[in-house]
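Let me begin by presenting the structure, written as structure tokens, before commenting on it.
The values are calculated or read from the model by the stated rules, or taken from the named source; none is laboratory data. The model shown is predicted, which means the values in this text are computed figures rather than measured ones. Reconstructed Cβ throughout: ideal geometry from the backbone, glycine too, with neighbour counts over all protein chains shown.
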Protein chains: 2
Amino acid sequence: MKQNSVFPTLSKQYLFQEIQTRRDAFQATNPEKKLLFLGIGDTTQPLAPSIVKSLIQTTQELGTAEKYVGYGPEVGEKQLREKIATVIYHNDFSSDEIFISDGVNSDLLRLMLLLEEGVSVAIQDPTYPAYFDTARIAKDANISFLSITDGPPDLTKAPEGSLVFLCSPNNPTGEAFTHAQYEKMVSIALARKLFIILDVAYREFIRGDFPKSIYEIEGAKKVAIEVGSFSKSSGFSGVRLGWSVVPKELCYENGSPAHSDFHRLFTAVFNGASILSQRAGLQILSPEGEKEITTQIDSYLEQAQLLREALRAKSFSVVGGDQAPYIWVKMENKTSWEGFDYFLKNLGIVVTPGIGFGPAGEGFIRLSGLARPEVISEAISRIQAM
Amino acid sequence: MKQNSVFPTLSKQYLFQEIQTRRDAFQATNPEKKLLFLGIGDTTQPLAPSIVKSLIQTTQELGTAEKYVGYGPEVGEKQLREKIATVIYHNDFSSDEIFISDGVNSDLLRLMLLLEEGVSVAIQDPTYPAYFDTARIAKDANISFLSITDGPPDLTKAPEGSLVFLCSPNNPTGEAFTHAQYEKMVSIALARKLFIILDVAYREFIRGDFPKSIYEIEGAKKVAIEVGSFSKSSGFSGVRLGWSVVPKELCYENGSPAHSDFHRLFTAVFNGASILSQRAGLQILSPEGEKEITTQIDSYLEQAQLLREALRAKSFSVVGGDQAPYIWVKMENKTSWEGFDYFLKNLGIVVTPGIGFGPAGEGFIRLSGLARPEVISEAISRIQAM
């Protein structure tokens, strides 16, 4: 059996694995040091009470012969798809354009299956590294980067007919696209026959005047797929639940719709997200759930902003923290990994090196505001004592 | 954007989707007919009490700041991997050779990523149709079939260096491979440099003297990956949990181990099975859980056997029901879909047409013993009244 020839070309480890390895090595030689983890962007607040209640109720139902259910539809329970179409997309889509997933990473892989081997892919830079890895692993993609150092990605530089990965609010920079920026990107995508995959995993963190969805822009349904997640907004990074929107208007260059292919492959390569997660998703999107979630998100954002201000007081150049729980810090005269080591060795704070998010992330680090309040407080104290 | 050229070559619908379409059409024109669903192999017994308890406990923990957890390791929590290594594989593997998944279908897709585009794949025939669809969709695989009409698949007919899909106990025929049959297959696989993916989703249903794992055979670690599931044995088809074993000894023809590639891709394209499912998996593999599960499986097997005997009494030729909850019925002078229609129109019983499991399934139908007891009883009454 021949090895997929892409593997020897990949970096040895996925970013967060690499951070863990370095962190563990440091801790092993400095066992007395209490490390603060602001690296991986993982939630720390407990599940909200009404969501706990919902999960318990579904579990109890599965324990009865009357209410037990096995397989649901591969694409997700109709009630949840309808709820997402209504609550998140204001009935701009029919429920069968919504596909329920176990999370964004899994759906990125499934979405790549729509495309040919060796496909051209252009990726916003810096951004979440899974787009790069998934495109390389799944389709041996030809990848180019669209730097956002001087503004939004310039889609005229994406190869004609290529797939473009966007993320807004962006992980790691914490910044969101404006309506005007989206309009320009959609218009270029239409002209250059691009497919956009927009990751809106942080949409619920938006507090400013930014679109929460690319579909607020006229014509976007013809060029864009949107992937979303309950991981960060609802503490579901361990419980797992997400969705993708594949509009029926989205067509390949041969005029064939991508929607029917995605439905076809979804029903073959996936058996649905956990019924427990799906039923809880209904509660998350209820008025009661949304209220609980908003409170949690507000406190994560506040933590990110406190971190940001502490670093600014030490003359660091920092953005983010307003539309996403991350802050993005310029390390003057340092590479990203030097910045990582600097925070680790001097402050005992584990951050994420910007280079892990793409070439344009070099010289930056990312800090997450998703940590426990006592960890954030201690990190701020250590920064202030620098 | 170009369409993946494999899609226009696929059958329009995945098997179980097609059955649902035909079933709904029949019900729409015969609204008074009470249909009995013995088609899709889905569990119907409620989750066992100790599993319900475990799911509730984890949920409650996730509702507290002290015990909340977000992302776990992508490959699964160490405790569960160790438990599977110990309880299922008798410490024949280290825990890092076990990968926890959200189910077999998802992992089949991930496993295909190890291989090159256009890979040669040989599939036991008839068997679970997801192997075919996944290999086609993921890798535009060149597929050949290994008929089991006259015994176990003849692996000398698999192209040298190809991937071979096996399933034991087999869905749909309900039959399991013997130790001698496995030995022969492993020996041929070693000689012909084949990769085997063995699906043991029904391993817990084995009651006779058959290996529950291919690794009981010497040398199997060099050629075989095993995929397993909690769906059928523990009623987790909706809750979602499975695993794959990728032995460190398994190498490509270039001598490079597949294990490190699988680990690399797993951490990039998947974010782990639900923590709720994983913690419950520990309970399933405890002595208390295993006892509950065994009782459920026994009753499913008994139902399959009762169905089998009712059909034999009507002179049908039937196998299965001893090592898996399915029975496999020869329809004399009928195609599979004619058999499907015959059972639907004359008995109001929805079955699965054998052709959906591969060319050698033509002329057969599959009935599932996983239905509710009252459904099985009513089906038997209708068969007896034929």
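Only one of the listed residues (A:105, A:142) is surrounded by fewer than 21 Cβ atoms within 10 Å (Cβ to Cβ) and of a type in the set (S, T, N, Q). That residue is A:142.
Applying the criterion of at least 3 residues that are outside the structural domain of residue B:260 (by TED's automatic domain parsing) and within 24 Å of the chain's Cα centre (by Cα) to the helices (runs of 4 or more DSSP H) found wholly in region B:12-86 leaves B:15-29. I'd like the residue in region B:358-379 that is away from chain A (no Cβ under 14 Å) and either in a helix (DSSP H, G or I) or β-branched (Val, Ile, Thr) (or both) and, out of all such residues, is nearest to residue B:148 (Cα to Cα). If we take residues in region B:358-379 being away from chain A (no Cβ under 14 Å) and either in a helix (DSSP H, G or I) or β-branched (Val, Ile, Thr) (or both), then B:360 is nearest to residue B:148 (Cα to Cα).
Checking the stated criteria, residue B:58 turns out to be surrounded by 18 or more Cβ atoms within 10 Å (Cβ to Cβ) and polar (S, T, N, Q). Restricting region A:89-125 to residues that are more than 14 Å from every other protein chain (Cβ to nearest Cβ) and out of contact with any helix residue (DSSP H, G or I) (no Cβ under 8 Å at 6 or more places or on another chain), the residue that is farthest from residue A:253 (Cα to Cα) is A:90. As a summary of the residue check, residue B:109 satisfies the conditions (1) touching a residue at least 60 places away in the same chain (Cβ under 8 Å); (2) assigned to a helix (DSSP H, G or I) except for the one numbered (1). Annotation: of all residues in region A:205-253 being surrounded by 23 or more Cβ atoms within 10 Å (Cβ to Cβ) and of a type in the set (D, E, K, R), the one that is nearest to the other protein chains (Cβ to nearest Cβ) is A:240.
The residue that is farthest from the other protein chains (Cβ to nearest Cβ), counting only those in region B:256-278 that are within 15 Å of residue B:243 (Cβ to Cβ) and of a type in the set (S, T, N, Q), is B:278.
Among the candidates B:307, B:265, single out the residue that is crowded, with 17+ Cβ neighbours inside 10 Å and in contact with a helix residue (DSSP H, G or I) (Cβ under 6 Å, 6 or more places away or on another chain). Reasoning before the result, please.
Numbers: B:307 fails: in contact with a helix residue (DSSP H, G or I) (Cβ under 6 Å, 6 or more places away or on another chain).
Exactly one of B:307, B:265 is crowded, with 17+ Cβ neighbours inside 10 Å and in contact with a helix residue (DSSP H, G or I) (Cβ under 6 Å, 6 or more places away or on another chain), namely B:265.
Filtering region A:310-324 to residues that are of a type in the set (Val, Ile, Thr) and either assigned to a helix (DSSP H, G or I) or in contact with a helix residue (DSSP H, G or I) (Cβ under 6 Å, 6 or more places away or on another chain) (or both) leaves only A:318. Scoring residue A:64 on the criteria (1) free of Cβ contacts under 8 Å to residues at least 24 places away in the same chain; (2) within 30 Å of residue A:246 (Cα to Cα); (3) surrounded by fewer than 18 Cβ atoms within 10 Å (Cβ to Cβ); (4) of a type outside the set (D, E, K, R) leaves a single failure, condition (2). Which of the residues spanning region B:58-80 are under 22 Å from residue B:263 (Cα atoms) and more than 7 Å from every other protein chain (Cβ to nearest Cβ)? Residues satisfying the conditions are B:73, B:74, B:75, B:76, B:77, B:78, B:79, B:80. Filtered by the rule that a residue be within 14 Å of chain A (Cβ to nearest Cβ) and either closer than 23 Å to residue B:370 by Cα or not in a helix (DSSP H, G or I) (or both), region B:279-292 gives B:280, B:281, B:283, B:284, B:289, B:292. Going through (1) in a loop (DSSP other than H, G, I, E, B); (2) of a type in the set (Phe, Trp, Tyr); (3) closer than 30 Å to residue A:136 by Cβ one by one, residue A:93 falls short only on (3).
Applying the criterion of being surrounded by fewer than 18 Cβ atoms within 10 Å (Cβ to Cβ) and among the β-branched types (Val, Ile, Thr) to the residues of region A:7-45, the residue that is farthest from residue A:355 (Cα to Cα) is A:29.
Considering every residue within region B:24-44, establish whether at least one is more than 9 Å from chain A (Cβ to nearest Cβ), in contact (Cβ under 8 Å) with a residue 12 or more places away in the chain, more than 24 Å from residue A:271 (Cβ to Cβ) and in contact with a helix residue (DSSP H, G or I) (Cβ under 6 Å, 6 or more places away or on another chain). So far as region B:24-44 goes, yes, one or more of its residues are more than 9 Å from chain A (Cβ to nearest Cβ), in contact (Cβ under 8 Å) with a residue 12 or more places away in the chain, more than 24 Å from residue A:271 (Cβ to Cβ) and in contact with a helix residue (DSSP H, G or I) (Cβ under 6 Å, 6 or more places away or on another chain).
Here's the yes/no breakdown for (1) more than 16 Å from residue A:42 (Cα to Cα); (2) assigned to a helix (DSSP H, G or I); (3) within 24 Å of the chain's Cα centre (by Cα):
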site: A:308; (1), (2), (3): yes, yes, yes
site: A:329; (1), (2), (3): yes, no, yes
site: A:339; (1), (2), (3): yes, yes, yes
site: A:342; (1), (2), (3): yes, yes, no
site: A:346; (1), (2), (3): yes, yes, no
site: A:355; (1), (2), (3): yes, yes, yes
site: A:386; (1), (2), (3): yes, no, no
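Within region B:357-376, the set of residues being buried (at least 20 other Cβ atoms within 10 Å of the Cβ) and closer than 30 Å to residue B:153 by Cβ comprises B:357, B:358, B:360, B:361, B:364, B:365, B:366, B:367, B:368, B:369, B:370, B:371. On inspection, residue B:63 does not qualify as small (Gly, Ala, Ser) and touching a strand residue (DSSP E or B) at 6+ places or on another chain (Cβ under 8 Å).
Hey, can you tell me all the residues within region A:154-177 that are away from chain B (no Cβ under 14 Å) and surrounded by fewer than 24 Cβ atoms within 10 Å (Cβ to Cβ)? Hits for region A:154-177 are A:154, A:156, A:157, A:175.
Per this entry, residue B:16 is counted among residues that are within 14 Å of chain A (Cβ to nearest Cβ) and hydrophobic (A, V, I, L, M, F, W, C). Checking B:145, B:165 one by one, the residue that is at pLDDT 95 or above, closer than 18 Å to residue B:258 by Cβ, not in a loop (DSSP other than H, G, I, E, B) and not assigned by TED's automatic domain parsing to the domain that holds residue B:16 is B:165 and no other. On the given criteria, is residue A:150 surrounded by fewer than 18 Cβ atoms within 10 Å (Cβ to Cβ) and either more than 9 Å from chain B (Cβ to nearest Cβ) or within 22 Å of residue B:268 (Cβ to Cβ) (or both)? Yes: the conditions hold for residue A:150. The single condition from (1) under 24 Å from residue A:303 (Cβ atoms); (2) surrounded by fewer than 18 Cβ atoms within 10 Å (Cβ to Cβ) that residue A:379 fails is (2).
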